[in-house]
Amino acid sequence: MLSAALVLMVVVPAFGAVVAGALKGDGPRWALSVGVAALVVLIGIYAALAAPGYRYHAAVGTLPWLDAMLDGPVFGVMLDPLAAVMLLVATVIGLFTVLYSTHYLREKNREHATGHEGQARYYFWLLLFLASMVGVAVSPNFLQLLIFWELTTLCSWALISFYQDERSLRSGFKALLMTQAGGAFFLVAVLILFVSVGSVEFTALARLPDGLRLWVFILLMIAAWAKAAQVPFHTWLPDAMAAPTPISAYLHAAAMVKAGVYLMARSVSAGWAVPPAGAIALGVMALATMFIALSYYFVQDDLKRLLAYSTIAHLGYVLLGVALGGLGSIIAFRGGVLHIVCHGFSKATLFFCAGALAYVTGTRSIAALGGLARSMPLTATAFFVGVLAVAGVPPFACFWSKFMILAGAIELRGGIGPVLVVLVLVESLVSFAWMLYVGQKVFLGPVTRLAEVHSDPPPAMGAVLLLLVLACLLAPAIGIPLVEMIGR
Amino acid sequence: MSTLGLLGLGVSLWLAGALASLLAGHRRAASGWLSVAFLVCGGLLLAAVVVRTFTAGPSPEAVLLRVGAIDADLVVRVDYLSALFLAITSFIAVLTALFSVEYMSRYRHDSVAKYFPLLLVLFVSIAGVVTTADFLSFLVCWELMTVASFFLVIFERESREGMRAGLKYFVVNQAATLGMLAGGLVLWSRVDSFHFLALRDAFGALLGGQPALAHLVIFLFFLAFATKAGVLPMGSWLPDAYPAAPSGATAAFGGTMTKLGIYGLLRVFLEIVPLSPATRAWGLVVALAGVGSLFVGTLTALKQDDVKRLMSFHVIGQVGYMFLGIGMGLFLLARSPMLGLLGLLAGVFHMLNHSLYKSCLFLGAGAVYYRAGSRSLSEVGGLGRYMPVTALCAGTAALAIAGVPPLNGFASKWMIYATAVKAGEQVPWLVLLAIVAIFISLVTLASFIKYLAGAFMGSRTTEEPVREVPAAMLVPQVALALTCVVFGLVPLMPLRYVHAAVTGLLPEAGLPDLAAALGDGPGLQMAVGMPDVAVWAPLPVAAALVVLGLFSYYVIQRAGGATVRDVPAWTCGEEEESTAAHYPASSFYVPFKHAFRGIYPQVRVTPPPLPVWLRRVFDVDRWLHSPTVRMVGRGASGVSRTHVGIPQVYLLWIVLGAVAVVAILLGLIG
């Protein structure tokens, strides 16, 4: 029953994608897409509640010609706390994205008016994206993960290039190229696993001899860096801001980049056998990414690009937590995984706010906006809550995850812990100050010419913002019990 | 119902009030009265908590929530210190909200939905801060307080100064809090618990094993509390942020929020850090920080023209007195429990008094702004005739803050001086600190004379008549001013609870009881049993003052047959406009302003730009990805050049390929 539910979670949106693409009218298409996304969320909740102790593993199908050579079935479903976290983020934010899109992609959008044409394409790829993210989350082994992983790359390529102007086509291609190059490393890692231990299970990583394990981990790490836009592969993500804003939100908060950090979390937690050198490399690069991304904050004028750099830095937090987990701190690992949830909801809030601003004013330029709080109180509230949540101000979401990462860091031996804590806190403070400054610039102060608008965005978008504000407060309440089960 | 049950219910009522006032946000008066109603109901329950705690002793602890992921319990409890702060908070909360109901009608274009709910959340978080017994929930409430107050500071969103002040406020406080977080984590990593008592064990171990780290952690805590309390130089956010908020909120800040810095100081130094040489050393730091702050803060206040900015600098100055008292107490505790206790009592009592008169002053400034439409002392004037009750209350509070007997400010300041002088027999330089404090008390008086003269006396600069503010705005001011008088006349009454709060933190230190420390009333007798007892008897002094006043009014004036004439000011026969002859507030104390010009330097911080070469290095696209893509592209076009369309050439490639394959195979086999 549970495996049927999990398979359905992939099949329903995939099938829905085809139907949504084939439908003629826009109204039915919106209704269908929202319905499908909502159904997936419902099944997801069922699965999360039905899983006893979160150790569910079932075979679904296999490939006859690989049967003899592998120790397990090729296709299957798996549900453990980590997968549950990813499912929660991908499906709930997926639903929000679809709901938001139904009003965002309209003629009335002052930044990018979108009419009837393109709608079919958009919802096809969006629902397929949802299906492939669910696939990534429930994959029981590296091979299936790789397949869905590449599918997310494909979907994001199509969606980033959605507007089909010069810039978005280039950005889409860049995203495809860079993440695909990373995917190649993933493929090599899977091949090495297959050849040397005859398995593609996650746990096979622990069975590799020491030296080879390090190399495989490095290959996986490069793949994850490319996917999660970490230094030195961070450049595709800010360019991907050419995508429609709901897509950016989904890419950043729940899909695509989160697949990268999910791979790392999987690799580290499968057997907890990561070589220390690999974990240290992961941690060092995560820190470097955080600070390099931070250095880009101050020169951004495009609100979405600023948020993109913030995402890069926050994925650094997740990877830092995962790396500390690899070095033996389970609290930091849980913190890192919790950060997937917390950052997901807070960053989605910020992106949807940026989308609302663009929808109403037609610009995303920080310099051109000012004093919007008076005409857009809901958006302003959501944005400030998002900023506080992302910056880790208690009691909002990211505080709890950052706190756990810090708590894990301080327990490290050899004096490195306090240094890490200081670095993380400095990054937190500076990025918080800047985001707050930008929030004040956009929403407070004198009203600029472009900001002379009279209302918040339409109700569907407003409802999503309101729900996300609540999620920014409540995400840890759901996330913490889940991550507590990791590593038990 | 248990004490904690009452507490939970009271705080929940406040939270419900926040929600109710948010939902009623589009209706100005309804929102305000709803919040007052909820605050009163919740406040009564909290008052019951306070009464119960002081009669039946501290409540047992209760675990509110368990966060298993980090093995943390969120613990609540009410001890004497919590009860003392709960009492202040409830009292000030009700009064400031009541004042705000009418006051907020000034802001016609701003919805009260972003005022009352935040004010209530602020009070909830303050109640949370003072009733938690573990670091994690303390931190959460502490930050919630900063968040709520930040949004109150940026209430007037069109003003750029308000924005800048809000940003500075939040960032500076966030920095301090993150430091405290790091300190707390260091302690946590030793004992795996956030409970205050566990942290105490951690400190004990740390002070023995790694004293440098222990002092660093204490420093981080001190920094966080000093920043919140507004001690210079960390407190430089305060004179910017306070005036930006609406007056009701400013009164709440001055009366409750700033005081939590003192609360934190007491908790950390008396409960979390075990009594040790570190206490003594840090007591010295606290006292010196206090003296520096009261000196610079009050002298800068003298120069201010904006009423609220003037009062904000006095917050800094007054917090300096509290730090001085508490610091001396900590410093002397090991040497003489009696003197240590007196210092602590003086500092905490001063904090209590300051809550009362500073709230009253801020409310008075709000009343002036409400009617006269300006906060500049040079623009208002002569309001005393039109707003007599406000003037009377503001006058009482101003004299109280200046330490004029027999008001409450004098009582606590007198205790600080007396402690310093008494301790001076053993530590002579403490007397120096007392002398600075006494001098600054005069400066305070001078600056409040400027306030009273500028705002309430003299003549109106414009002819427009003003009216007294409505009753809902008068009641809070009168209540606060009356409490100031009562606390001044019978200082032992509040001191009883202050004593319970302080000694409750140090059960094993063997501190003297109240009668030994301050006599058994109604006045104060410092350190009964020690030689040279200092005595302050407010009731006889007050009676004498009253008699003197009546005497001068009735006997001298009546007997002399002097009559009161209402005539225009005499301008030496010149025909001048009354404004030209007006002595504006900005002309007060000019020599002082020159003498202390550089005492409060303005520093502008500009972050250094990122070097160009570093930016180039970070731009990976430019030196890595783009060249790679171009190279691959060139390679691909090179390969494509082999496709020439001539069959013979393809045949040649096939032959070459075959040779290569054979060679490789042979190489592998051989």
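Here are the numbers:
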| read-out | value |
| --- | --- |
| Any hit, the range B:318-325, residues being buried (at least 24 other Cβ atoms within 10 Å of the Cβ), in contact (Cβ under 8 Å) with a residue 12 or more places away in the chain, farther than 14 Å from B:L433 by Cβ and among the hydrophobic types (A, V, I, L, M, F, W, C) | yes |
| Meets criteria (touching a helix residue (DSSP H, G or I) at 6+ places or on another chain (Cβ under 7 Å), surrounded by fewer than 24 Cβ atoms within 10 Å (Cβ to Cβ) and either within 14 Å of another protein chain (Cβ to nearest Cβ) or of a type in the set (K, R) (or both)) for B:R66 | no |
| Residue match in the range B:82-104 (condition: within 14 Å of chain A (Cβ to nearest Cβ) and either farther than 19 Å from B:G10 by Cα or out of contact with any Asp or Glu (no Cβ under 8 Å at 6 or more places or on another chain) (or both)) | no |
| Selected residue (only one of B:L624, B:L545 is part of a helix (DSSP H, G or I) and touching a residue at least 12 places away in the same chain (Cβ under 8 Å)) | B:L545 |
| Residues (more than 14 Å from chain B (Cβ to nearest Cβ), part of a loop (DSSP other than H, G, I, E, B) and among the polar types (S, T, N, Q)) located in the range A:353-400 | A:T363 |
| Residue, nearest to A:I93 (Cα to Cα), within the range A:443-465, restricted to residues that are away from chain B (no Cβ under 13 Å) and surrounded by fewer than 14 Cβ atoms within 10 Å (Cβ to Cβ) | A:P459 |
| Helices (runs of 4 or more DSSP H) enclosed by the range B:112-230 - at least 1 residues per element that are farther than 30 Å from A:R413 by Cβ, of a type in the set (A, V, I, L, M) and within 12 Å of another protein chain (Cβ to nearest Cβ) | B:116-131, B:135-153, B:160-191 |
| Odd one out for B:V603, checked against (1) surrounded by 10 or more Cβ atoms within 10 Å (Cβ to Cβ); (2) closer than 30 Å to A:V430 by Cβ | (1) |
| Set B:L392, B:L433: member being assigned to a helix (DSSP H, G or I) and under 29 Å from B:M530 (Cβ atoms) | B:L433 |
| Enumeration of residues in the range B:233-274 that are among the small types (G, A, S), farther than 19 Å from B:A198 by Cα and in contact with a helix residue (DSSP H, G or I) (Cβ under 7 Å, 6 or more places away or on another chain) | B:G235, B:A241, B:A244, B:A245, B:S247, B:G248, B:A249, B:A251, B:A252, B:G254, B:G255, B:G261 |
| Selection count where residues are more than 30 Å from B:V171 (Cβ to Cβ) and more than 8 Å from chain A (Cβ to nearest Cβ), scope the range B:617-630 | 6 |
| Wholly enclosed helices (runs of 4 or more DSSP H) of the range B:469-525 bearing at least 1 residues of a type in the set (D, E, K, R) and at pLDDT 90 or above | B:492-505 |
| Among residues of the range B:526-536, those that are at pLDDT 85 or above and surrounded by fewer than 18 Cβ atoms within 10 Å (Cβ to Cβ), counted | 1 |
| Given (1) touching a strand residue (DSSP E or B) at 6+ places or on another chain (Cβ under 9 Å); (2) closer than 30 Å to A:L169 by Cα; (3) of a type outside the set (F, W, Y), number of the condition A:A270 does not satisfy | (2) |
| Among (1) over 23 Å from the mean Cα position of the chain (by Cα); (2) without any contact (Cβ under 8 Å) to a residue 40 or more places away in the chain - the single one A:A206 does not satisfy | (2) |
| Odd one out for A:K174, checked against (1) touching a helix residue (DSSP H, G or I) at 6+ places or on another chain (Cβ under 6 Å); (2) more than 14 Å from chain B (Cβ to nearest Cβ) | (2) |
| Residue among A:L193, A:L187, A:L205, A:L219 that is surrounded by fewer than 19 Cβ atoms within 10 Å (Cβ to Cβ) and in a helix (DSSP H, G or I) | A:L187 |
| Residue under evaluation A:F162, criteria (1) surrounded by fewer than 20 Cβ atoms within 10 Å (Cβ to Cβ); (2) outside any helix (DSSP H, G or I), criterion not met | (1) |
| Number of the exception - A:V422 against (1) among the aliphatic types (A, V, I, L, M); (2) over 22 Å from A:V89 (Cβ atoms); (3) more than 9 Å from every other protein chain (Cβ to nearest Cβ) | (3) |
| Test set (1) over 30 Å from B:V498 (Cα atoms); (2) more than 26 Å from the chain's Cα centre (by Cα); (3) of a type outside the set (F, W, Y) - B:A455 fails condition number | (2) |
| Residues being facing chain B (nearest Cβ under 10 Å), in contact (Cβ under 8 Å) with a residue 12 or more places away in the chain and either under 20 Å from A:A90 (Cα atoms) or among the β-branched types (V, I, T) (or both) - total across the range A:291-336 | 5 |
| Hits in the range B:118-154 (condition: more than 18 Å from the chain's Cα centre (by Cα) and of a type in the set (A, V, I, L, M, F, W, C)) | B:A133, B:F135, B:L136 |
| A:D67 without any contact (Cβ under 8 Å) to a residue 60 or more places away in the chain, more than 20 Å from A:C155 (Cβ to Cβ) and among the acidic types (D, E) | yes |
| Number of the condition not met by B:T571 [criteria: (1) closer than 30 Å to B:L98 by Cα; (2) of a type in the set (V, I, T); (3) without any contact (Cβ under 8 Å) to a residue 40 or more places away in the chain] | (1) |
| Matching residues, the range A:402-418, being touching a helix residue (DSSP H, G or I) at 6+ places or on another chain (Cβ under 9 Å), surrounded by fewer than 21 Cβ atoms within 10 Å (Cβ to Cβ) and more than 10 Å from chain B (Cβ to nearest Cβ) | A:I416 |
| Selected residue (only one of B:S82, B:S35, B:S59 is surrounded by 17 or more Cβ atoms within 10 Å (Cβ to Cβ) and touching a Phe, Trp or Tyr at 6+ places or on another chain (Cβ under 6 Å)) | B:S35 |
| Scope the range B:617-639; condition more than 51 Å from the chain's Cα centre (by Cα), closer than 24 Å to A:V231 by Cβ and of a type in the set (A, V, I, L, M, F, W, C); matching residues | B:W623, B:L624, B:V629, B:M631, B:V632 |
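One line per residue, one yes/no per condition, for (1) touching a Gly at 6+ places or on another chain (Cβ under 9 Å); (2) β-branched (V, I, T):
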{"residue": "B:A289", "(1), (2)": "yes, no"}
{"residue": "B:K303", "(1), (2)": "no, no"}
{"residue": "B:V307", "(1), (2)": "yes, yes"}
{"residue": "B:L324", "(1), (2)": "yes, no"}
{"residue": "B:M338", "(1), (2)": "yes, no"}
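The values are calculated or read from the model by the stated rules, or taken from the named source; none is laboratory data. Just so you know, these numbers come straight off a predicted model, no measurement behind them. Using ideal geometry, Cβ is built from the backbone for each residue, glycine included, and neighbour counts are taken over all protein chains shown.
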